[in-house]
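Beneath this line is the structure, given in structure tokens, with notes to follow.
The values are calculated or read from the model by the stated rules, or taken from the named source; none is laboratory data. Predicted, not measured: the structure shown is a model, and the values here were computed from it. Note that each Cβ is placed from the backbone with ideal geometry, even for glycine, and that neighbours are counted across all protein chains shown. Surface areas here come from the heavy atoms of the whole protein model, side chains and all, with no ligands, DNA or RNA. Shrake-Rupley method; radii C 1.70, N 1.55, O 1.52, S 1.80 Å.
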Amino acid sequence: MNTAAINIRELNGLGRLFHSPQHVIFLSDATLHSTGSCVWNGGMAPVNGWLNLKVSGATHIPDSPASTLQDYARAQGITQPLAGMMTAASMDSLRVTERGDGDCRLACLVTAGIQNARRAGDPADEQPVAGTINIALVCNQVFTPAAAIEALLVATEAKTAACHDLAVVSPVSGKLATGTGTDSVCLLSAMEG
């Protein structure tokens with residue numbers, strides 16, 4: 001990967017985080033199990049990390065989002081599969097929290113834009129508006145399917161609580177927002193082995 005103008009950070013026992021104005025990339029030396037709503041390798045898939053790509057809210061993406069993300073990763077020299085998301089939010093919004101307890105290591109990576117604030121139940125936009133809250137959880141432990149879903153639920157509840165704490169209002173319903181209309185969340189956990 002071309003690391004010019006990229007901030008590189010080690011995540012305690014999990015892998016490396018590469019942060020630039022165009023992307024946030026997390027790479028692990030191990031294959032991870034991804035569970036989530038990513039547009040590239042969404043659902044459940046084996047991956048080697050996470051890509052959060054900045055796109056312009058006004059730019060038409062000529063290929064599918066998955067192809068665009070895969071092509072971008074290849075251009076960075078990454079050939080392994082990643083869990084991939086897109087956002088028009090600034091990569092400067094990246095926040096990283098790490099926790100550890102015994103052998104367990106967890107990191108939460110978030111980029112956030114709220115121009116697209118919505119409340120669950122608001123009518124969907126025909127053309128999505130720029131602004132997304134993207135969350136990636138990375139953990140070095142194996143999760144059962146039920147535990148993985150629970151982790152995604154807790155992350156979603158935390159996002160909603162943050163929106164409420166900040167009094168973010170949906171311009172559609174005029175009520176407190178629960179996120180945006182284009183949010184994505186994923187869990188990258190250890191593979192059984």
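Of a type in the set (A, V, I, L, M), farther than 17 Å from Ser20 by Cα and surrounded by 15 or more Cβ atoms within 10 Å (Cβ to Cβ): does that describe Val138? Yes, satisfied. Look at (1) closer than 20 Å to Thr180 by Cα; (2) under 18 Å from the mean Cα position of the chain (by Cα) and you find that Asp122 fails only one, number (2).
Is it the case, given these coordinates, that Pro46 is farther than 22 Å from Thr132 by Cα, open to solvent by 60 Å² or more (accessible area, probe 1.4 Å) and at pLDDT 95 or above? So Pro46 passes the test.
Residues of region 119-128 include none that is part of a strand (DSSP E or B) and either open to solvent by 60 Å² or more (accessible area, probe 1.4 Å) or not β-branched (Val, Ile, Thr) (or both). Please determine whether any residue of region 79-96 is open to solvent by 30 Å² or more (accessible area, probe 1.4 Å), β-branched (Val, Ile, Thr) and under 21 Å from Ser189 (Cβ atoms). Within region 79-96 (the criterion being open to solvent by 30 Å² or more (accessible area, probe 1.4 Å), β-branched (Val, Ile, Thr) and under 21 Å from Ser189 (Cβ atoms)), the answer is yes, since at least one residue qualifies.
Taken over region 9-35, residues that are surrounded by 20 or more Cβ atoms within 10 Å (Cβ to Cβ) and at positive phi amount to 1. Out of the residues in region 19-33 meeting the condition of being over 18 Å from Ile133 (Cβ atoms) and assigned to a strand (DSSP E or B), tell me which one is nearest to the chain's Cα centre (by Cα). Out of the qualifying residues, it is Ile25. Taking the criterion of being part of a loop (DSSP other than H, G, I, E, B), hydroxyl-bearing (Ser, Thr, Tyr) and free of Cβ contacts under 8 Å to residues at least 24 places away in the same chain, the only residue of region 135-172 that qualifies is Thr144. Within region 142-164, being under 22 Å from Gly42 (Cβ atoms) and open to solvent by less than 70 Å² (accessible area, probe 1.4 Å) holds for Phe143, Ala147, Ala148, Ala151, Leu152, Ala155, Thr156, Ala158, Lys159, Thr160.
Just one of (1) part of a strand (DSSP E or B); (2) under 18 Å from Leu187 (Cβ atoms) fails for Cys38. It is (1). When residues in region 165-193 are screened for being of a type outside the set (A, V, I, L, M, F, W, C), over 27 Å from Trp40 (Cβ atoms) and surrounded by fewer than 12 Cβ atoms within 10 Å (Cβ to Cβ), 2 of them pass.
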